[in-house]
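The values are calculated or read from the model by the stated rules, or taken from the named source; none is laboratory data. Not measured: the values here are computed from a predicted model. Cβ: placed from backbone, ideal geometry, glycine included. Neighbour counts: every protein chain shown.
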């Protein structure tokens with residue numbers, strides 16, 4: 001099977017230096033971070049300052065290997081990896097919706113980072129409610145699992 | 001800069017065979033499609049049938065090259081690529097939110113495909129409203145640009 005290869009467009013700066021005690025989703029984070037876009041790509045940030053939220057697509061650079069069934073952070077039952085947002089996946093691609101605080105030159109300042117420092121960035125897309133919000137959504141095994149404002153990672157994907 | 005390489009986990013089957021006349025987002029599509037997950041990864045689909053929607057992450061395999069400024073499908077003004085969902089990007093990664101109709105073995109049937117036939121699939125993640133819906137969103141240059149139920153691609157990214 002032919003491989004598909006990408007070159008990072010930037011890098012994440014955050015206070016999270018290791019895999020544990022990181023907010024498991026941006027909705028559980030109030031920590032600021034910076035998405036540094038490499039200068040050769042910074043022209044692509046034009047107009048992004050009109051948006052309040054982005055999709056950030058990145059590489060879980062600390063994840064090695066994967067299993068097809070995992071016990072995700074919010075459950076103690078084994079779930080199929082594609083029904084989870086767990087970081088050890090067949091392709092270790094991360095997806096976060098982040099709130100833009102401001103953009104200065106090639107730096108995108110965000111207010112709800114859930115990503116480890118030095119994570120390579122693959123893409124930024126604008127979050128557009130007309131495209132990205134759905135009604136009548138069934139959320140599978142997550143149903144009734146989310147009842148607090150903060151969930152942090154433990155060590156289950158650290159090995 | 002070190003490259004990051006992935007192997008596809010599956011392939012898209014759809015009626016769209018070329019880059020023009022494809023719905024530009026899944027919200028503008030009522031066409032069915034199939035996400036075929038290769039058998040060695042199909043165990044990862046467990047529990048996904050409890051969800052109504054997925055994020056599909058894939059490779060825009062027909063896109064070659066990129067520019068940092070583009071005139072996106074919904075506009076005639078040049079915009080920074082990262083403020084658009086255009087398919088010719090520094091890393092040609094696509095993101096669609098799709099509605100699951102049913103799952104049979106390694107086949108995920110969806111009802112709103114906006115992806116070209118034979119597109120390589122990189123990842124599936126569950127769409128979780130608690131994680132993925134935001135209030136008070138500013139949608140930048142898209143504001144007031146979306147006023148119909150159907151938008152199809154033209155040839156602007158075909159070269």
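Contact annotation: residue pairs with Cβ atoms under 8 Å, 6 or more positions apart or on different chains, pairing a residue in region A:41-53 that is more than 7 Å from chain B (Cβ to nearest Cβ) with a partner that is in a strand (DSSP E or B) and modelled with pLDDT of 95 or more, are A:49/A:100; A:49/A:102; A:49/A:103. A count restricted to region A:1-17 and to residues that are at pLDDT 95 or above and either closer than 17 Å to residue A:92 by Cβ or within 14 Å of chain B (Cβ to nearest Cβ) (or both) stands at 11.
The residue of region B:117-144 that is modelled with the lowest pLDDT, among those that are more than 9 Å from chain A (Cβ to nearest Cβ) and surrounded by fewer than 22 Cβ atoms within 10 Å (Cβ to Cβ), is B:144. Condition check for residue A:104 on (1) under 16 Å from residue A:43 (Cα atoms); (2) surrounded by fewer than 24 Cβ atoms within 10 Å (Cβ to Cβ); (3) touching a residue at least 12 places away in the same chain (Cβ under 8 Å): one failure, at (3).
Against the list (1) assigned to a loop (DSSP other than H, G, I, E, B); (2) within 13 Å of the chain's Cα centre (by Cα), the condition residue B:99 fails is (1).
Would you point out which residue out of B:32, B:69 is closer than 20 Å to residue B:150 by Cβ and surrounded by fewer than 20 Cβ atoms within 10 Å (Cβ to Cβ)?
One residue alone meets the criteria, B:32.
Would you be able to tell me the number of residues in region A:125-147 that are farther than 30 Å from residue B:91 by Cα, part of a loop (DSSP other than H, G, I, E, B) and touching a residue at least 60 places away in the same chain (Cβ under 8 Å)? Total satisfying the criteria: 2. So residue A:75 clears everything in (1) touching a strand residue (DSSP E or B) at 6+ places or on another chain (Cβ under 9 Å); (2) more than 9 Å from chain B (Cβ to nearest Cβ); (3) under 24 Å from residue B:100 (Cα atoms) except one condition, right? Which one? Of (1) touching a strand residue (DSSP E or B) at 6+ places or on another chain (Cβ under 9 Å); (2) more than 9 Å from chain B (Cβ to nearest Cβ); (3) under 24 Å from residue B:100 (Cα atoms), only one is false for residue A:75: (1).
When region A:111-124 is limited to residues that are in a loop (DSSP other than H, G, I, E, B) and in contact with a helix residue (DSSP H, G or I) (Cβ under 6 Å, 6 or more places away or on another chain), the one that is farthest from residue B:137 (Cα to Cα) turns out to be A:114.
Matching residues to (1) touching a residue at least 24 places away in the same chain (Cβ under 8 Å); (2) surrounded by 19 or more Cβ atoms within 10 Å (Cβ to Cβ); (3) outside any loop (DSSP other than H, G, I, E, B):
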{"residue": "B:87", "(1), (2), (3)": "yes, yes, no"}
{"residue": "B:109", "(1), (2), (3)": "yes, no, yes"}
{"residue": "B:149", "(1), (2), (3)": "yes, no, no"}
{"residue": "B:159", "(1), (2), (3)": "no, no, no"}
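The residues in region A:55-66 that are more than 9 Å from every other protein chain (Cβ to nearest Cβ) and free of Cβ contacts under 8 Å to residues at least 40 places away in the same chain can be counted, and the count is 2.
Please identify the pairs in which a residue from region A:67-83 that is within 16 Å of residue B:125 (Cβ to Cβ) has its Cβ atom under 6 Å from the Cβ atom of a residue that is part of a strand (DSSP E or B), counting only partners at least 6 apart or on another chain. If the second residue must be part of a strand (DSSP E or B), the pairs left are A:72/A:79; A:81/A:70; A:82/B:124; A:83/B:126.
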